[in-house]
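Just below is one structure, and these are the notes that go with it.
Computed from the coordinates by the stated procedures, all read-outs in this text should not be read as laboratory data. These figures come from a predicted structure and were not determined experimentally. Cβ: placed from backbone, ideal geometry, glycine included. Neighbour counts: every protein chain shown.
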């Protein structure tokens, strides 16, 4: 009779450990995945079988009209004018203040901004026994997959693929090690 009681106690303890382990492991995996994908932003590329650097952005290219662009909603309210001394004609000055310019925008890594909105919108969530990684930013899909988009709702332009969420060999290795270590610790307590 004592053996049956011991077996039932061990069986009950195992079921409890498995139930708690699934909850703990899915939460841990969600956090690991979220951190891994956020690290892609800091490294400036997608990690899958090594780092795949993203194509550089135009705001860092001095030859581009987008150089130093950081949207601030600035609008020109007045223009400076100069008078040509030879002809006497008045024209707009070439030394106008450049609007929406930020020197720090020329140095930030690709897909980052002052608030890191795209990176911080990447979240790992647990749904049942499943981990879901998502990004709620409206522009996340076009950056992750690439494609055609409208610049300020007007002119069409092509966005290069700059994947930051997806299948990753390194992440799979990290998750496998985490799950193995967690289960080993839990079952060594029995």
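Here are the numbers for the structure shown:
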{"item": "Output for segment 120-164, where each listed residue is closer than 20 Å to residue 35 by Cα and part of a strand (DSSP E or B)", "result": "122, 123, 124, 125, 126, 127, 130, 131, 132, 133, 134, 135"}
{"item": "Residue list for segment 105-119, restricted to those being in a helix (DSSP H, G or I) and within 10 Å of the chain's Cα centre (by Cα)", "result": "117, 118, 119"}
{"item": "Residue match in segment 175-190 (condition: in a loop (DSSP other than H, G, I, E, B) and at positive phi)", "result": "no"}
{"item": "Selection from segment 162-184 of residues that are under 17 Å from the mean Cα position of the chain (by Cα) and crowded, with 18+ Cβ neighbours inside 10 Å", "result": "162, 163, 164, 165, 168, 171"}
{"item": "Restricting segment 1-51 to residues that are in contact with a strand residue (DSSP E or B) (Cβ under 9 Å, 6 or more places away or on another chain) and not in a helix (DSSP H, G or I), the residue that is farthest from residue 119 (Cα to Cα)", "result": "51"}
